[in-house]
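The values are calculated or read from the model by the stated rules, or taken from the named source; none is laboratory data. Note that the coordinates shown come from a computational prediction; the quantities given were computed from them, not determined experimentally. Please note: Cβ atoms are built from the backbone with ideal geometry, for glycine as well, and neighbour counts cover all protein chains shown. Only protein heavy atoms, including side chains, enter the accessible area calculation; ligands, DNA and RNA are left aside. Shrake-Rupley method; radii C 1.70, N 1.55, O 1.52, S 1.80 Å.
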2 protein chains.
Amino acid sequence: MKEYKLAIVGATGIVGRKVIEVIQEYDLPISQCSFFATRKSAGTDFFFKGKQCLVQELKSTSFDEGFDFAIFSAGSDASKFFAPIAAEKGCIVVDNSSAFRMDKNVPLVVPEVNPEEIKNNHGIIANPNCSTIQAVLPLKVLDDKYTIKRIIYSTYQAVSGAGQEGVNDLERGLHDEEPKKFPYPIVNNCLPHIDSFLDNGYTKEEEKMINETRKILNKPELKITATTVRVPVVNSHSESINVEFEQSFDLNELKETLKNAPGVIVQDDPENNIYPLALNATGHDESFVGRIRRDFSVESGINFWCVSDNIRKGAASNAVQIVQKLIEFDNENN
Amino acid sequence: MKEYKLAIVGATGIVGRKVIEVIQEYDLPISQCSFFATRKSAGTDFFFKGKQCLVQELKSTSFDEGFDFAIFSAGSDASKFFAPIAAEKGCIVVDNSSAFRMDKNVPLVVPEVNPEEIKNNHGIIANPNCSTIQAVLPLKVLDDKYTIKRIIYSTYQAVSGAGQEGVNDLERGLHDEEPKKFPYPIVNNCLPHIDSFLDNGYTKEEEKMINETRKILNKPELKITATTVRVPVVNSHSESINVEFEQSFDLNELKETLKNAPGVIVQDDPENNIYPLALNATGHDESFVGRIRRDFSVESGINFWCVSDNIRKGAASNAVQIVQKLIEFDNENN
């Protein structure tokens, strides 16, 4: 079987470290894996498949050694600069930043939802925003069956989505220390503010959810609105999702549709207190959905609760799954 | 000036204690204040207006001494049994429980919204659910001006809403102890489960928000849906509220309308990170609103963020303000 060379860029961040963990779990045919980070973090060492590996400083020449794939989790600036260099050298980049997500020439991929888009890449494939990935998994099958008319998102996002500094702020707050990452203490608080504000009053995070959902579902005109909120939870995002459909539905049939959706696990038995929870989703790669119920305020609509590990499926695992698909497609061609 | 005799029932609970605090702050013309609780808590002592007071055991004869008003915060069962007894003896009961809220003969009052309803009481006035009170304050003025068509609530509710045991569960969780009040740990978790589940998949808390909003706004057919969620925040509820209007609006004018609403404070300057926060709302009696922005997914709609101290305005202060209105109306009549 063919083996591949992989570069992990931004290897020392919270997502980069998870990528290294997930790559080993998935046991992909990777013959060589190299780790890159900024000069500050270079020299850090990892155990990868039982061997000690050093993190190298990321440079323009880093991709000269001929990688097949690279997973970037180093922020937008690094992606904008280095991803085109890597792609130019024949390496397919899976980029976790928001740099290329809305670029018409860059596929935005959740492998269970729009895997074929991967084939349209020109060297860069974008990994969607964490809060979008978990939502489109259930929404895709519902759209296929009932045609979505409108979506209203309210999110309950974990501090790990803001990186290690976000996690540290939660810890700091528990010791009555001032926050460094967030503008206000996150302990005992909900911050309706993720990423920066736009002129129209929305945050970039809200805009990302709206635009990326449209792009992934391939419905550029879909009516969507969002309120994204940081909550004092260390990991896994929760979302209250309200959906209106064009078609009518039978609730049991709709639940069955969700049960059969790839990447979705239905946890919906209120009588026995079964519903998705951040604490339970952490460590898994699925999007957990529950509290599925008819919205009696519209002709055809539902409310549901959606929870997923934002660092795994929301970032690292989705990127690794894209690499897995790339390998699958490559093997199909050979 | 006329002075009144007040009974505080359920004086030792988290809301009862706050009622005692707020009554003193508001400096109402109360000549005598008596405190009642179950036998278990009887004997507890308080300082009230500089004097030490003992909590008495609540009995059927407790109201024989001729109270003008009573504020009940002792749960539905106690209210169902003792409120009619008190009312029968000529005492007007302001009840914090859900026991009488949907009773046609019982006004459900937020003094800034529907004060005149107080006059229709037959001895019992219901204090609405905490999450409803803070929402109807901004919604009332918006409905008057633009006619609300539909509301979608997603809440971020503090553990104090579940009483002292809820607060203790958050504390327990921080010491890795098992929860006693909630079905799952609340630390690092969001529980989409407040009060018990109904057959239609909604919780009673969600049903309360829907029905009580309709009753207070006097729009029994208003289209409303809700998802209510407990978050690891000690005090003050936050809410993501989506509203659709019949009429079109100018956003600046709408914000002005909210600024002029009684009991509402607008904190809405995203550029300077000004928006309502649970930590800042605690200790205040207003409903704080911000993140007010057009919902581009409907013809005429907005999203906004609404935060308020659930123990003060959501319970104790609203009840005290109802008593304040009762005194005002009584003085007008004399």
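Here are some notes:
- Every residue from region A:72-127 that is without any contact (Cβ under 8 Å) to a residue 24 or more places away in the chain and more than 21 Å from A:G16 (Cβ to Cβ): A:D103, A:K104, A:N105, A:P107, A:E116, A:E117, A:N120
- Of all residues in region A:211-227, those satisfying the criterion of being open to solvent by less than 20 Å² (accessible area, probe 1.4 Å) and part of a helix (DSSP H, G or I) are A:E212, A:T213, A:I216, A:L217.
- Total residues in region A:186-204 satisfying the condition of being of a type outside the set (V, I, T) and either open to solvent by less than 10 Å² (accessible area, probe 1.4 Å) or under 18 Å from B:P276 (Cβ atoms) (or both): the figure is 9.
- The sole residue among B:H193, B:H237 that is within 19 Å of the chain's Cα centre (by Cα), within 12 Å of chain A (Cβ to nearest Cβ) and more than 21 Å from B:S308 (Cβ to Cβ) is B:H193.
- Residue in region B:196-210 that is part of a loop (DSSP other than H, G, I, E, B), under 27 Å from B:V136 (Cα atoms), at the interface with another protein chain (Cβ under 9 Å from one of its Cβ atoms) and among the aliphatic types (A, V, I, L, M) present: yes
- Qualifying positions in region A:151-177 - more than 30 Å from A:G301 (Cα to Cα) and either more than 13 Å from chain B (Cβ to nearest Cβ) or of a type in the set (G, A, S) (or both): A:S160, A:A162, A:G163, A:Q164, A:E165, A:G166, A:N168, A:D169, A:R172, A:G173, A:E177
- Any pair with Cβ under 9 angstrom, 6 or more apart, that starts in region A:252-267 at a residue that is farther than 15 Å from A:V136 by Cα and ends at one that is among the polar types (S, T, N, Q): A:Q267/A:N280
- All positions within region B:307-334 that are assigned to a loop (DSSP other than H, G, I, E, B) and within 14 Å of another protein chain (Cβ to nearest Cβ): B:D309, B:N310, B:I311
- Residue match in region B:100-117 (condition: among the aromatic types (F, W, Y) and out of contact with any strand residue (DSSP E or B) (no Cβ under 9 Å at 6 or more places or on another chain)): no
- Selection within region B:242-271 - assigned to a strand (DSSP E or B), under 25 Å from B:V298 (Cα atoms) and more than 9 Å from every other protein chain (Cβ to nearest Cβ): B:V243, B:E244, B:F245, B:V266, B:D269
- Criterion applied to A:K325, A:K313 was being crowded, with 24+ Cβ neighbours inside 10 Å and either among the acidic types (D, E) or in contact (Cβ under 8 Å) with a residue 40 or more places away in the chain (or both), and the one residue passing it is A:K313.
- Checking B:E116, B:E112, B:E65 one by one, the residue that is of a type in the set (D, E) and at pLDDT below 95 is B:E65 and no other.
- Single residue of A:F100, A:F46 found to be within 26 Å of A:G263 (Cβ to Cβ) and either touching a Phe, Trp or Tyr at 6+ places or on another chain (Cβ under 7 Å) or not β-branched (V, I, T) (or both): A:F100
- Flag if B:F304 is within 14 Å of chain A (Cβ to nearest Cβ), at negative phi, in contact with a strand residue (DSSP E or B) (Cβ under 9 Å, 6 or more places away or on another chain) and open to solvent by 10 Å² or more (accessible area, probe 1.4 Å): no
Per-residue answers, yes or no, for (1) among the acidic types (D, E); (2) in contact with a strand residue (DSSP E or B) (Cβ under 9 Å, 6 or more places away or on another chain):
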position: A:I20; (1), (2): no, yes
position: A:E25; (1), (2): yes, no
position: A:C91; (1), (2): no, yes
position: A:D95; (1), (2): yes, yes
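- Selection from region B:272-301 of residues that are more than 8 Å from every other protein chain (Cβ to nearest Cβ), open to solvent by 40 Å² or more (accessible area, probe 1.4 Å) and either of a type in the set (A, V, I, L, M) or touching a Pro at 6+ places or on another chain (Cβ under 6 Å) (or both): B:I274
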